[in-house]
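The values are calculated or read from the model by the stated rules, or taken from the named source; none is laboratory data. Computed from a predicted model, the values in this text were never measured in an experiment. Here Cβ is always computed from backbone atoms with ideal geometry, including for glycine, and neighbour counts include all displayed protein chains. Protein only, heavy atoms only, side chains kept; ligands, DNA and RNA dropped before computing areas. Shrake-Rupley method; radii C 1.70, N 1.55, O 1.52, S 1.80 Å.
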Amino acid sequence: MSTQTDEQANIGRVLSFLREWDRGDGTVRGRMLNTFLTLNSGKTFYELELEFAQVASLFLARLTTWMKLTYTFGTFLGIQLKAIGIFLSASSHDQYLMEFLEDGGVHSLLDILGHSRSNEEEKTEALRLLLTVSNAGRKYKEIICESHGVTAIAECLAKSNTDETQETAGALLESISHGNPKYQNQIYDGLIALMACTSPKAQQLALHNVHTVQCKMKTAHCSIVEPLLSMLRSLHLEVRDEAISLILDLKCYDVRPLLLNGLVTLLRPTNKVQHHLEESEMIKMTGTLPVFVQQAAAAKAIRLLAKDSEELSRELLSLGVIQHLLYTMGNRDHADAQIQASLALEHFIRSYPVIEEHVQRGIGRTLFQAFMHHTDTLYMNMDESQAEILLTNKVHITEGNVCDLFVEASQTFLFTSCLYQMRIIVSLFFLVNPDWTTSHEVTPCLKMSRLRSAVRNGKRAGLELLEAAEPKRNRSNKAAKEEEPVNASSPSCARHTFHPPADVELLRAQLLRWYDENQRELPWRTLAVTESDLNIRTYAVWVSEIMLQQTQVSTVIDYYNKWMKRWPTVQHLSSATLEEVNQMWAGLGYYSRGRRLHEGAQKVVSELEGQMPRTADSLLKQLPGVGRYTAAAVGSIALGQVTGAVDGNVVRVMCRLRAIGADSTSPAVTEALWGLANTLVDPERPGDFNQAMMELGARVCSPRGPVCSQCPVRSHCHSFRTVHREKEKNARKPPAPPDIEDCMNSETCPLCPSEPWDEALGVQNFPRKPPKKPPRVERTLTCVVTRRGEEGGDEYLLTRRPKKGLLAGLWEFPGLLQGEKSSESKDKAALCAQISELLATDVAESLIQYAGEVVHIFSHIHQTYVVHSVRLKDAGTQTRAENARWLTRSALQEAAVSTGVKKIVKLCDSVDSEKEQSCNGGKRQNCTGTKKKKNQPTSKKPKLSAADSGSRQLSLSAFFSRVKQES
């Protein structure tokens with residue numbers, strides 16, 4: 001009867017609310033909307049239905065209608081959109097979403113995006129609602145596209161002037177492109193048109209989304225080439241990098257010839273420019289800086305394409321890329337264009353030495369040698385005459401002789417192998433005959449020179465290798481002894497480092513492209529991208545990094561979401577109690593992490609005026625529990641600091657990339673890895689790069705079973721190369737020439753493996769870890785003490801652990817370590833003494849019953865709980881210790897207890913279940929609690945394994961009632 005009365009009262013309240021809405025003016029409705037937002041944010045469909053007595057749709061219909069009638073005037077539009085958002089984002093059902101669409105909600109939202117009276121905040125709210133609609137499924141994406149949504153969203157993105165609106169629009173375009181094959185071409189064309197806008201942020205987002213859509217399409221439209229090449233003119237590095245990344249992706253499509261020809265053409269801009277002007281002046285007077293920027297970007301793209309494949313190199317050579325690169329090197333008005341062209345030309349010459357003659361003949365021997373010895377700095381020392389030589393060079397490699405060049409290059413392979421063997425023979429001769437240089441009028445270097453002269457008319461490709469192999473002048477033994485030891489942070493072995501900057505740039509581009517396509521959607525990553533408040537963003541990333549220490553991602557997600565919902569800011573966390581923090585952390589393990597988070601939050605509020613540290617160094621110094629990795633991760637992800645981050649996954653990836661096989665925990669390897677991480681980290685996207693390295697280690701370069709075929713940076717991996725080289729050796733093939741990056745002093749190198757190669761391990765030879773120290777074995781006596789509670793249910797006695805050490809501050813059942821020479825009587829006596837000390841009464845040993853054993857493994861302890869139980873007859877028994885208290889069963893389940901305590905509870909439930917089954921099996925005389933005869937044999941209580949203890953979870957009450965009857 002009371003339930004029916006409550007329902008009628010609730011319906012009356014809702015009807016009164018709707019009448020007030022219908023009769024109210026704008027001011028009244030605005031007040032009602034503010035109240036609605038405060039009381040209903042985050043509610044599910046069923047919670048809203050309960051709140052509105054199953055007629056919530058009536059209020060949604062009123063909201064939608066009012067929005068359609070008033071959005072052109074801007075009356076309370078922002079708050080209307082937020083209120084509608086509560087309905088559309090309500091989980092567990094899509095009824096509200098369907099009703100909103102049937103009322104023409106999508107058309108209204110798209111009109112708001114293009115209306116001149118809509119401000120940026122209102123457009124952002126409208127975009128968020130459309131994003132909610134899109135994320136609901138394929139049919140909803142199609143509705144947006146059918147309503148000409150792509151055009152409206154793209155125009156909003158192009159014309160908007162706030163990052164928040166543009167990023168939301170970009171996210172919406174990306175959302176409707178996923179799983180929407182019917183309108184894929186429409187989205188693709190809209191994004192290409194968007195590339196021609198003038199907003200750098202919009203250009204960057206358009207390029208990013210084109211990249212996403214392009215990966216799903218089998219062809220590329222030729223209309224993409226011109227706007228894409230125009231993006232290389234942008235003065236914003238992010239836009240140029242996105243454009244180059246897309247060009248690299250398009251190399252496999254039918255637009256490749258147009259792209260390659262366009263890139264080569266950009267190396268010789270047709271605009272006549274004034275020379276010797278400052279770049280800032282040039283922008284104002286001639287507008288030629290974008291042309292030079294485009295020239296530099298084209299040279300960079302050409303280098304990356306040429307490094308990607310020999311086929312692309314051949315096509316570029318046939319387009320006359322060498323002559324155009326030399327011309328770009330002569331552009332003394334823009335240093336970056338010279339640098340990028342020099343790096344690209346150097347790649348062609350060193351990869352295909354047969355091109356050397358053409359270049360040397362075209363620019364002269366003196367300038368060529370200066371270029372080869374000082375590629376990176378030639379532009380700084382170049383005079384006008386040298387620049388003129390480059391600008392007017394006559395190097396001409398036609399399509400007809402490109403094939404001849406590559407055939408010639410392939411023929412030199414055999415010759416190169418012979419030169420390597422010759423180098424070994426000559427070096428051994430000088431080693432055996434150290435006085436040969438003094439007893440002969442011809443020096444070894446001259447002998448080597450004559451050797452080179454003998455083959456000069458042969459294949460010149462071997463010349464470079466021979467010069468690199470030329471022995472150095474003899475040094476005295478004293479000089480060798482005085483040589484500096486190897487520095488761990490800068491390894492002496494070439495293969496342990498990254499040398500050419502171009503290799504680093506390519507690795508960054510490949511890894512970030514893979515990450516953009518394959519990253520997991522994780523709540524802390526979403527917060528790091530979407531949260532504009534720097535303080536909240538830093539706090540959110542800090543919490544995630546602490547939780548992820550020694551804990552799997554799948555386990556952390558649920559804990560993280562609950563934590564951030566309860567304590568969304570550092571101020572909220574600082575006001576919580578340690579008991580609440582431990583309760584929230586229960587089951588996550590390594591409980592000191594939660595305590596340090598709490599301590600850190602209190603320090604931020606009390607000592608740092610509520611502001612999170614703003615640099616990695618200050619994070620390291622000012623927050624408890626934050627080490628070198630955590631500080632670097634938070635600094636790069638949340639604060640955008642350019643710093644590497646080395647965790648377990650990154651250690652593994654780095655060691656395999658650079659063939660570091662020594663103990664990965666040694667100081668030498670640790671410092672070397674941090675040096676490599678700081679070298680590799682992308683200066684534009686440090687947080688994404690560090691997360692990409694971790695993602696690669698977690699999902700591809702895993703500890704066991706790495707999937708090398710899916711690795712985006714496999715071409716840089718020395719471990720992968722080593723595996724194939726070892727396979728060739730085992731196949732008894734002719735030995736290949738030694739790799740110039742092989743370690744020649746592995747016996748003294750602190751990073752090379754000290755153990756022999758294990759063929760069965762493959763790339764898992766890197767890194768090597770020292771054997772783990774076996775965990776300490778402990779046995780703990782534990783007693784589950786119960787009494788009858790005031791409300792009739794059972795209550796359990798728990799004690800709090802010390803504030804420091806293992807499981808600090810958590811609650812557990814009374815217990816103590818078991819002695820080495822223990823027995824059942826000694827165990828019971830020890831437990832009786834401890835329980836009697838905790839309570840204001842003595843406990844008889846006869847009350848204590850053995851329940852079984854529970855095994856719980858910590859990282860460094862193999863713990864076995866020897867579980868007993870006791871039922872107290874006096875319901876009023878109190879504790880006299882400050883660290884002990886009684887808890888009901890429901891309170892016990894919510895308390896800050898460890899996983900070991902939960903296992904003990906499951907064990908007792910399992911024992912209870914077995915007793916009940918035994919009673920039902922006909923042995924009623926043993927279940928009634930009657931005394932056994934003296935001559936009746938007693939059976940020893942079975943010990944249950946940890947696996948058995950968790951198989952069934954039943955109530956403890958029947959088990960403790962049984963104990964009471966027996967006592």
Accessible area in the full protein assembly, largest first, 1.4 Å probe, for Glu853, Glu102, Glu580: Glu102, Glu580, Glu853
Quote the Stokes-Einstein diffusion coefficient, in whole µm² s⁻¹, for region 817-895, based on the Kirkwood radius over alpha carbon pairs, a temperature of 10 °C and a viscosity of 1.306 mPa s. 109 µm²/s
Using Stokes-Einstein with the Kirkwood hydrodynamic radius over Cα pairs, what translational diffusion coefficient do you get for region 617-738 at 4 °C and a viscosity of 1.567 mPa s, in µm²/s rounded to a whole number? 82 µm²/s
Could you compute how much accessible surface Leu639 exposes when probed at 1.4 Å, giving the result in Å² to the nearest 10? 40 Å²
Give the Cα extents of region 646-700 along the principal axes, in whole Å, largest first. 31, 23, 16
Net charge, Asn649 excluded, C-beta distance under 12 Å - Lys, Arg +1, Asp, Glu -1: +1
Sequence ranges 28-39, 61-72, ranked by mean other-Cβ count within 10 angstrom, highest first: 61-72, 28-39
Arrange the peptides 260-266, 881-887 so that the one whose residues have, on average, the most other Cβ atoms within 10 Å appears first. 260-266, 881-887
Send over a whole-number figure in Å² for the accessible area per residue of region 108-210, probe 1.4 Å. 40 Å²
Cα Rg, Dmax, region 203-256, angstrom units: 10.4, 32
Just to compare against my own numbers: the Cα pair-distance distribution for region 582-649, 10 Å bins, whole % per bin, please. 21, 44, 32, 3
Show me 214-223, 306-315 ranked by packing, highest mean number of other Cβ atoms within 10 Å first. 306-315, 214-223
How big is the Rg/Rh ratio for region 17-145, C-alpha atoms only, Rh by Kirkwood, two decimals? 0.94
Let me check I've understood the local charge: for Arg508, count other residues with C-beta under 11 angstrom from its C-beta, Lys and Arg +1, Asp and Glu -1. What total comes out? -4
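Give Lys43/Lys803; Lys182/Lys307; Lys159/Lys300; Lys826/Lys903 a once-over and call out the pairs whose C-alpha atoms are over 26 Å from each other. The partial results should precede the final answer.
On the way: Lys43/Lys803 38 Å; Lys182/Lys307 37 Å; Lys159/Lys300 31 Å; Lys826/Lys903 24 Å.
Beyond 26 Å: Lys43/Lys803; Lys182/Lys307; Lys159/Lys300.
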